[in-house]
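Each remark here refers to the structure printed beneath this line.
The values are calculated or read from the model by the stated rules, or taken from the named source; none is laboratory data. Worth saying up front: this structure is predicted, and the values here are computed from it rather than measured. Here the Cβ positions follow ideal geometry from the backbone for every residue, glycine too, while neighbour counts run over all protein chains shown. Protein only, heavy atoms only, side chains kept; ligands, DNA and RNA dropped before computing areas. Shrake-Rupley method; radii C 1.70, N 1.55, O 1.52, S 1.80 Å.
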Amino acid sequence: MIKVIIADDHSGMREAWRFILGLQEDIHVLAVCSSGQEVVEFCRQSQTDVVLMDINMAPVTGFEATRLLLKENPALKIIGISIHSEPSYVQQMIKIGGRGFITKSSSSDEMIMGIKEAVSGNIYICQEVRSRMNLIS
């Protein structure tokens, strides 16, 4: 069973992800958090496999929360989530140790695939961002 925490400051996104992931037999949503600070505190108290981390939260951004979490638990798999598909977001998330990046417009299948790829030790970048990265290279 893959244990997931969802961190996003928009309640609609948190609940949509919770519903989608709740339909998966091999994924269990441990918690939904509304801020970077909240997810850091929750991870300190739980055995989490994957965090779906919104990048644009305040006052602690997803990038800052990712740095803190990985400093405390390098084995944790964190996937950046954003409405933005700019390659610079992905590059920053991967540089600080994130295991993937998925846009909020990605399909539920991509989100599930990203979680499974991260748990397997791989890095997953959604198709929307991969196509933008290919245009830039």
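Of all residues in the range 68-83, those satisfying the criterion of being farther than 11 Å from C43 by Cβ and surrounded by fewer than 16 Cβ atoms within 10 Å (Cβ to Cβ) are K71, P74, A75, I83. A75 falls short on exactly one of the conditions (1) part of a loop (DSSP other than H, G, I, E, B); (2) touching a helix residue (DSSP H, G or I) at 6+ places or on another chain (Cβ under 9 Å), and that condition is (2). Checked against the criterion of being of a type outside the set (V, I, T), surrounded by fewer than 16 Cβ atoms within 10 Å (Cβ to Cβ) and part of a helix (DSSP H, G or I), the candidates F63, F19 yield just one match: F19. Scanning the range 38-60 for residues that are polar (S, T, N, Q) and at pLDDT 95 or above gives a single hit, T48.
Residue count for the range 33-56 satisfying the condition of being assigned to a loop (DSSP other than H, G, I, E, B) and open to solvent by 10 Å² or more (accessible area, probe 1.4 Å): 8. Answer yes or no as to whether I96 is buried (at least 19 other Cβ atoms within 10 Å of the Cβ) and within 22 Å of S120 (Cβ to Cβ). So I96 does not fit the description; no. If the condition is being loosely packed, with under 15 Cβ neighbours inside 10 Å, under 20 Å from K3 (Cβ atoms) and among the hydrophobic types (A, V, I, L, M, F, W, C), then the range 99-137 contributes no residue at all.
Within the range 23-55, the residues that satisfy the criterion of being in contact with a His (Cβ under 9 Å, 6 or more places away or on another chain) and either polar (S, T, N, Q) or without any contact (Cβ under 8 Å) to a residue 40 or more places away in the chain (or both) are S34, I55.
Only residues that are under 11 Å from the mean Cα position of the chain (by Cα) and farther than 25 Å from K71 by Cα: list them for the range 113-137, please. The answer is none; no residue qualifies.
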